[in-house]
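**Q** Dumping the structure here so I can ask a few things about it.
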Amino acid sequence: MNILITGGASGLGRAITRKLAVEPQIKKIHFTYNRSADNAQQLETELNNTKGIKCDFVNPGEVESLISQIPAMDLDVLINNAMLGITQKHFQKIDYAVFEEGFRNDIIPTIRITQEAIKLFRKKKFGKIVNILTSFLINRPPTGLSEYVAKKAYLLSLSKSWAVENADFNISSNCISPSFMQTGLTGGTDERIVEQLIKAHPLKKLLRPEEVAESVLFFVNSPQYINGVNLVINAAQDIG
């Protein structure tokens with residue numbers, strides 16, 4: 001089984017890469033990285049079935065280069081994990097250009113990569129898409145994260161369409177929506193907010209990337225009957 005993970009060298013992506021690479025059924029893992037070159041090199045050194053690909057989603061040339069390599073990867077699984085950042089500001093205070101840039105830099109590359117993967121999957125009559133979202137999509141969204149949540153909501157809607165449109169080709173599209181984790185993506189979160197999140201958590205601790213990676217492995221190994229699912233990992237804090 002051959003896999004492509006976007007943003008697979010740091011944070012949650014790194015945990016996913018490490019988890020999957022040691023599974024016997026996994027032949028090759030290609031993962032993208034941007035600023036995590038040292039992490040990428042370390043992964044390649046420690047896990048001989050991994051290969052890092054420099055791909056800055058802001059750079060159209062690097063995105064096109066990645067897309068051109070997908071047919072030769074003979075992919076079975078695409079894991080859409082990469083996200084450039086989180087804007088923490090009330091909606092009315094966000095410059096409209098931030099929404100435009102976020103869509104162009106996060107959503108459009110994901111669409112392009114997934115389109116190319118689906119073309120390959122349709123020829124093979126098999127494929128799995130796993131999209132990393134957020135539990136913030138469930139019921140009441142948190143204050144100040146409208147731009148981030150909107151991007152994830154867009155991907156959730158797309159994932160449902162991918163599932164329906166490609167089910168006849170033995171292609172599944174599922175999502176994982178984890179609660180807040182302390183990673184590089186969320187590193188700028190105020191410590192007081194983190195403390196409040198821990199205090200309010202039923203288990204009194206934050207979700208770890210390694211725990212989410214376990215769920216990714218589940219979807220990688222699951223039968224194609226499991227399709228169009230959004231697995232929420234939030235300890236029943238909010239149930240949609």
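**Q** Is the shape of segment 2-233 best called rounded, prolate or oblate, per the rule: a/c under 1.5 gives rounded, else a/b larger than b/c gives prolate, else oblate, with a ≥ b ≥ c the square roots of the Cα gyration tensor eigenvalues?
**A** On the way: a/c = 1.41, a/b = 1.37, b/c = 1.03.
Since a/c stays below 1.5, the shape of segment 2-233 is classed as rounded.
**Q** Okay, next question. Run the numbers for Ala167 and Ile108: contour at 0.36 nm per residue of separation, minus the present Cα-Cα distance, in nm.
**A** Value of the extension gain: 18.9 nm.
**Q** Give the order of Leu66, Leu207, Leu20 when sorted by the count of other beta carbons within 10 angstrom, beginning with the fewest.
**A** Ordered from fewest to most neighbouring Cβ atoms within 10 Å, Leu66, Leu207, Leu20 come out as Leu207, Leu66, Leu20.
**Q** Helix-only mean residue ellipticity at 222 nm, the chain, DSSP H runs n ≥ 4 weighted -39,500 (n - 2.57), per residue, nearest 500. What is it? Working shown, then result.
**A** On the way: 8 runs with 103 residues, N = 240.
Rounded to the nearest 500, the figure is -13500 deg cm²/dmol.
**Q** Taking a ≥ b ≥ c as the square roots of the Cα gyration tensor eigenvalues, with a/c under 1.5 meaning rounded and otherwise prolate when a/b beats b/c, else oblate, which class fits segment 1-135?
**A** Cα axes put segment 1-135 in the prolate bin.
**Q** Explain nothing, just the number: relative contact order of the chain, from Cα pairs under 8 Å at least 6 residues apart, as a whole percent.
**A** Relative contact order for the chain comes out at 21 percent.
**Q** Moving on to the next point. Taking the Cβ-Cβ separation of Asn49 and Asn139 as r and a Förster radius of 41 Å, what is the calculated FRET efficiency to the nearest 0.05?
**A** Calculated transfer efficiency: 0.55.
**Q** Tell me which of Phe91, Gly228, Ile29 sits at the most positive position along the dipole axis of the chain, charges placed on C-beta atoms (Lys, Arg +1; Asp, Glu -1).
**A** It is Gly228, whose Cα lies furthest towards the positive end.
**Q** Is any helix in the chain, taking whole DSSP H runs, at least 27 angstrom long along its axis by alpha carbon and on average at least -1.0 on the Kyte-Doolittle scale, and which ones?
**A** Going by DSSP H runs, the hits are 146-166.
**Q** Can you pull the one-decimal nm distance between simple spin-label points at Leu84 and Ile67, each 7 Å off the Cα toward Cβ?
**A** Reported label-point gap for Leu84 and Ile67 is 1.6 nm.
**Q** Using the basic label-point model (7 angstrom from Cα toward the beta carbon), what is the Phe218 to Gln115 distance in nanometres?
**A** About 3.3 nm separates the two model spin labels.
**Q** So, one more: How many nm separate the modelled label positions at Glu101 and Glu211, each set 7 Å beyond the Cα in the direction of the Cβ?
**A** Modelled inter-label distance: 3.4 nm.
**Q** Hey, another quick one. Using a Förster distance of 45 angstrom, determine the FRET efficiency expected from the C-beta separation of Ile94 and Lys27, and round it to 0.05. Before the final figure, lay out the partial values.
**A** Details: r = 43 Å, r/R0 = 0.96.
The pair Ile94/Lys27 has a calculated efficiency of 0.55.
No lab work stands behind these numbers, since they all come straight from the coordinates. Quantities reported herein were computed from a predicted structural model and do not represent experimental measurements. Counting neighbours? That spans all protein chains shown, and the Cβs are built from the backbone with ideal geometry, glycine included.
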